[in-house]
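K.L.:
Have a look at this one before I ask anything.
The values are calculated or read from the model by the stated rules, or taken from the named source; none is laboratory data. Just so it is clear, the model here is predicted, and its values are computed rather than measured. Positions of Cβ are backbone-derived with ideal geometry, glycine not excepted, and every protein chain shown enters the neighbour counts.
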Amino acid sequence: MTLAPGPDERADSERPDVPGFRTWRGLYLFVFGWFMLVLALLTVFTAMFS
Amino acid sequence: MNVADWIVLLGTLVGIAAYGAWRTRHIRSLNTYLRGSTSTGWGTIGLSVMATQASAITFLSIPGQGFESGIGFVQNYFGLPLALIIVCAVFLPMYRRLNVYTAYEFLGQRFDEKTRLLGAGLFLLQRGLAAGVTIYAPAIIMSTVLGWRLDLVIVFTGLLVIVYTVTGGSEAVALTHKWQMTMISAGMVTALVVLLLRLPGGLGFTGAAHVAGALGKLQAVDFSLDPSRRYTVWTGVFGGLFLSLSYFGTDQSQVQRYIGGASIREGRLGLMFNAVLKIPMQFVILLSGALLFVFYQFAPHPVFFNQAEWRRHAQDGKFAALEARHASALAQSQSAIRSWLEARASDDAARETSARAAMVAANDRADAIRAEARAAIAAADPRAKTKDSDYVFITFILTELPHGTIGLLVAVMFAAALSSKAAELAALGTTTTIDLWRHFHPLTAADERRNVRVARRFTGMWGLVAVAFALLAGFAENLIEAINILGSIFYGVLLGLFLVAFFVRHVGGSAVFFAAVAAEALVIVMYFSLNIGYLWYNIIGCAACVAFSVAMQAILPPRARADEVRAR
């Protein structure tokens, strides 16, 4: 019999370990920026073809 | 379908299911069974989250949506990346820190046991009732088009998913998701390439996009503030944020996909993978539908794409006349499109404007005849299914793709059905085991092997319930919409519970519990007394739950508040 593992204490201190990003906040900002870029590209696409 | 198609279809579907069951057959650990392997990386988590959301209807209906109404539906996904950022920053760290198996366990730790049972109960009621629909909805389309027996399709897909989900639990679900998503991506890219190659000579992608755009199919974004418009940037960002937050943050079928893994980093990166790829992926699927529309401007196609339904009613001359008129309107539309393309190349603005108006008018005439065809079917049988856009893409697959790839694309549809069903069954089994069975049998919680056996039995039970419901759904199809409505009635209050848990820290268990019950009662009363779109009940239920919780906390007797603070 084994019990479930203990709480993940590292949850908040873990780094993204993604090249170019030192913090999770930076990664979230990148994803938000990507969303804005996609929105801008879709707006251009609509203007080009509608 | 020929032998090659059957080999590809059965080889991929059964092969992936057998691989999942074989690799996970020795699982004895409850943690691995319910949360997956502790070495799962972000790529597998990301694909698993994507596969859970992508049902067969995604690949059958969304190209049809692009064909029929254009690509504006992509705006529905605009809130998703923002919701996933919130889930990564707030929900996931809390679930990991408290080491929960289900999202509803978190409610128990934050509030109390009755609130946990309420959250789990709402999820089980909503997902349990909808369990058959994820099997039935694609099965009815595939069996209609391919001429297979509906009950056999339901039983085959149901038993296949039960076998590997019961065997390996969450670990098998994640493993099979990875390969199912790989196959789905390969199949969809193949279909898109064939579609581009089959476009009329000289048209190419750019020409086809200009034709689709001129005929109103490529308006991807609409910044209008008109509330009567169904898809705008604003409804997508705000409504989509709300819906995605409730789905990804509180629905156990998604929570279970990302709370496991080697570390919180893997879960976060898996979610960010979806935040980055989801909108482009949906855009490509919708664009395929719009290009399919252009393809069918130049290729003969039926006036009504659900040919089985059409043949059932097309007994008299009225239907033959509609077919003849449609063929003639299609020829005129083709001619008008070619004239417009020539006018566009001539750089004569006046000629181009006039040719464009003629093309739009010709297309409108063809559309009007398709609408007449739908009305004729409805007149012949008021219970007949008159929405044929779900049959457009599968018709293209069966008539235009080479053999072998037909089997692959049919396998894509079934793989999507299996992937969403597997995640749903694992979530239902896990919630029943952890939040109900262990709650009422606390002494057995330490016997891990028994817990795994019980989780397997509950997962299998929910699988059989889903198959039974899917078999019955054919006799009561209007139940399906009722179940979707029921989902909206419960989803909002469930999200409200979690938003209070995360963001309104001074509210305690009794306040939120009675507030949720009152909010649910309000939503049900409003549903029976008002006539508004049922999606609004998501927002109303959530807002009512949060507002009632704050109010209830303020009016609770001081003793009850003090007890709750001590308990926390």
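K.L.:
Please go through the range B:249-276 and give me each residue that is more than 14 Å from every other protein chain (Cβ to nearest Cβ) and of a type outside the set (V, I, T), ordered by number.
P.N.:
Scanning the range B:249-276 gives B:G249, B:D251, B:Q252, B:S253, B:Q254, B:Q256, B:R257.
K.L.:
So is B:G213 closer than 22 Å to B:A54 by Cβ and surrounded by 18 or more Cβ atoms within 10 Å (Cβ to Cβ) or not?
P.N.:
no
K.L.:
Moving on. Just one of B:L146, B:L47 is on the phi < 0 side of the Ramachandran plot, in contact with a helix residue (DSSP H, G or I) (Cβ under 6 Å, 6 or more places away or on another chain) and more than 14 Å from chain A (Cβ to nearest Cβ); which is it?
P.N.:
So the residue among B:L146, B:L47 that is on the phi < 0 side of the Ramachandran plot, in contact with a helix residue (DSSP H, G or I) (Cβ under 6 Å, 6 or more places away or on another chain) and more than 14 Å from chain A (Cβ to nearest Cβ) is B:L47.
K.L.:
If I ask for residues that are buried (at least 16 other Cβ atoms within 10 Å of the Cβ) and within 14 Å of chain A (Cβ to nearest Cβ), which ones from the range B:435-465 would you list?
P.N.:
B:R438, B:A445, B:E448, B:N451, B:V452, B:A455 - these are the residues of the range B:435-465 that are buried (at least 16 other Cβ atoms within 10 Å of the Cβ) and within 14 Å of chain A (Cβ to nearest Cβ).
K.L.:
Further, regarding this structure: If you check B:F67 against the conditions, is it more than 9 Å from chain A (Cβ to nearest Cβ), at pLDDT 90 or above and within 24 Å of B:A501 (Cα to Cα)?
P.N.:
Judged against the criteria, B:F67 is not a match.
A quick yes/no check of all residues on (1) farther than 30 Å from B:A139 by Cα; (2) of a type in the set (D, E); (3) in contact with a strand residue (DSSP E or B) (Cβ under 6 Å, 6 or more places away or on another chain):
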| site | (1), (2), (3) |
| --- | --- |
| B:H301 | no, no, no |
| B:K318 | yes, no, no |
| B:S328 | yes, no, no |
| B:R356 | yes, no, no |
| B:D364 | yes, yes, no |
| B:I377 | no, no, no |
| B:S389 | no, no, no |
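K.L.:
A further question on this structure: Is there a residue in the range B:218-227 that is surrounded by fewer than 18 Cβ atoms within 10 Å (Cβ to Cβ), within 14 Å of another protein chain (Cβ to nearest Cβ), out of contact with any strand residue (DSSP E or B) (no Cβ under 9 Å at 6 or more places or on another chain) and on the phi > 0 side of the Ramachandran plot?
P.N.:
No.
K.L.:
Which residue, of B:N99, B:N76, is within 14 Å of chain A (Cβ to nearest Cβ), modelled with pLDDT under 90 and not in a helix (DSSP H, G or I)?
P.N.:
B:N99
K.L.:
Here's another thing I want to ask about it. For residues in the range A:15-28 being outside any loop (DSSP other than H, G, I, E, B) and within 9 Å of chain B (Cβ to nearest Cβ), which is surrounded by the fewest Cβ atoms within 10 Å (Cβ to Cβ)?
P.N.:
The qualifying residue surrounded by the fewest Cβ atoms within 10 Å (Cβ to Cβ) is A:R25.
K.L.:
Kindly provide the set of residues from the range B:39-54 that are modelled with pLDDT under 90 and exposed (fewer than 14 other Cβ atoms within 10 Å of the Cβ), ordered by number.
P.N.:
Within the range B:39-54, just B:S39 meets the criteria.
K.L.:
Which members of the range B:516-532 meet the condition of being at pLDDT below 90 and either of a type in the set (D, E, K, R) or outside any helix (DSSP H, G or I) (or both)?
P.N.:
Selection gives B:L530, B:N531, B:I532.
K.L.:
Restricting the search to the range B:80-96, which residues are within 10 Å of chain A (Cβ to nearest Cβ) and not charged (D, E, K, R)?
P.N.:
B:L80, B:P81, B:L82, B:L84, B:I85, B:I86, B:C88, B:A89, B:L92, B:P93, B:M94, B:Y95
K.L.:
Quick one: in the range B:88-122, which of the residues that are closer than 14 Å to B:T432 by Cβ and of a type in the set (F, W, Y) is surrounded by the fewest Cβ atoms within 10 Å (Cβ to Cβ)?
P.N.:
Selected residue: B:Y101.
K.L.:
Given the options B:L277, B:L269, B:L287, name the one that is surrounded by fewer than 18 Cβ atoms within 10 Å (Cβ to Cβ) and closer than 30 Å to B:N538 by Cα.
P.N.:
From the options B:L277, B:L269, B:L287, the qualifying one is B:L277.
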